[in-house]
Structure formats: C-alpha cells, structure tokens
Ligand code: 13P
C-alpha cells in the first residue's frame, strides 16, 4: 500500500474539513493506496462523522504520559480513543521550533510502539548539509539515534529535506531514488520510506513510483490540488 499522508500542520477550519470530507466520499483504490489525514487536534474528534471509514486518521504530535495533570497536552491514549492509527514523530518543524532532539524522538517512537499506534518518523537534512554533501551522513545519524534500541518495528519513515518543505523545490527523481535505496538499507526491515517536501498534483505520481508514498503539507489543504490528487487514486 502506498501512503498518501496529508499533514495539515497548524491550518484548517471546519469549512475545509467538510470540503475535503466531501471530496473523499468517493472510495479510492484501497488495494494500492492508504490515505491518512493528519489534522490538528481539535479536528480529530469529529473526523469520522464527516469522513468515510476508509480514510485513515493521524495526529501531528502527542505527549509521552498516558494521562494526568499535564494541562494543554494530548496523550497517545486519547489519540487512540479518537481512532487515530498514525502519529507524526520528529517533524522538522517540531525539531526546529519545539527543540525536539534525537533522544526525545527516540523516546517518543518507543511510546508509540508500546501503545501500538503507528509512528511516521520524519527525517531530513538542512540546506547546509545538502549543499556540503552531508545528506547521507546526516540521515544515517538521525536514523541511528532516532531508532536506537528499536529493531524490527514497522515504522514509516518520511524523508523530508528541510529545504524542500514549503519551497516548491524538490530533489531530483534520481536523488530521491538514491536516498530511498540508502534508507531502505539502514532502516528496520519492515519500514516504509515515503517522501515529503513540495509534493503537488503534478509531481506526486513521480514520487510514488519510487517511494512507498508521500507526505504532503500545502497541497493537502488546497482544495483544487487535493481534488486532483484524490481523483487520480480512484
Ligand atoms: P509541503 O508539502 O508544504 O512542502 O510540506 C511538507 C511537509 O512538511 C509535510 O509534513
């Protein structure tokens, strides 16, 4: 199954939710694709009222404790109660703006595996690492540290070069193929490797031919874009 992940980030509204729910009423080819919508927390609870069951739900983050006096936080227990199957871990925006480091992310991955919710681990190099030819070294370090003491878990790894997020610039097909092969070699055997960074309706077919799916930001909240992408899955 190829993953089509839709990370809404800190965007969206009830209006957008309903419009996108409407687009997804027509079933897609679920033998080949798995569509996962990852809206911000407030939209999780009403999700299955509006969306058909074959569209999967994910969250963008969580707090490690199961429950208790942690005002403002959301646990995996709560996410599972809302039928979330997936959760993002280590998105570059969390690493950059919320100081999540490789150790925090390793602990979060272990929480996910304990709680049996599927993590989508995000990794990716900065423009400086890319330009100085350090991409593979950097990714290997992230994978090794993020997955320390985690051996044969089924993990989805989203390769999202930071310089490609929200910029309209993507690596070439050859570069993505090269990184895909590299990550397949160093990641746990059952991992899926997906690509994220400026994926849109014109380029997503190229990426899903190489990778095990895509993770979209901007295009996933753009009605015209998501209509085109969704209808091509049918
Ligand atoms: P864009 O698709 O907006 O570049 O964002 C990618 C991303 O960060 C998905 O998690």
Report task. Using only the alpha carbon atoms of the stretch 5-45, find the Kirkwood hydrodynamic radius as the inverse mean reciprocal pair distance, in angstroms to one decimal. Result -> 11.2 Å
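In Å³ and rounded to a whole number, note down the convex hull volume per residue for the Cα atoms of the chain.
119 Å³
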**Report entry** Hull volume in cubic angstrom per residue (convex hull over the Cα atoms of the stretch 182-223)
**Finding:** 77 Å³
Requested in this report: Mind computing the radius of gyration and Dmax over the alpha-carbon atoms of the stretch 141-219? Å is fine for both.
Outcome: 12.6, 39
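Calculate how large, on average over all directions, the projected area of the Cα convex hull of the stretch 2-94 is; give the answer in nm² to one decimal.
Hull-based average projected area comes out at 6.4 nm².
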Requested in this report: Over the Cα atoms of the stretch 158-202, compute the convex hull volume and normalise it per residue, giving Å³.
Outcome: 74 Å³
Query raised in the report: How big is the C-alpha Rg of the stretch 125-170 next to the rule-of-thumb value 2.2 N^0.38 Å, as a ratio?
Result: 1.31
Query - Rg to Rh, two decimals, where the stretch 68-206 supplies the alpha carbon set and Rh follows Kirkwood - result: 0.97
Requested in this report: Using the 2.2 N^0.38 Å rule of thumb for compact globular proteins, work out how the stretch 70-149 stacks up: its C-alpha Rg over that value, please.
Outcome: 1.21
**Report entry** Distance between the stretch 147-163 and the stretch 189-234 - C-alpha centres, whole angstrom
**Finding:** 18 Å
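Values in this text are rule-based calculations from the coordinates and carry no lab data. These numbers come from a predicted model, not from an experiment.
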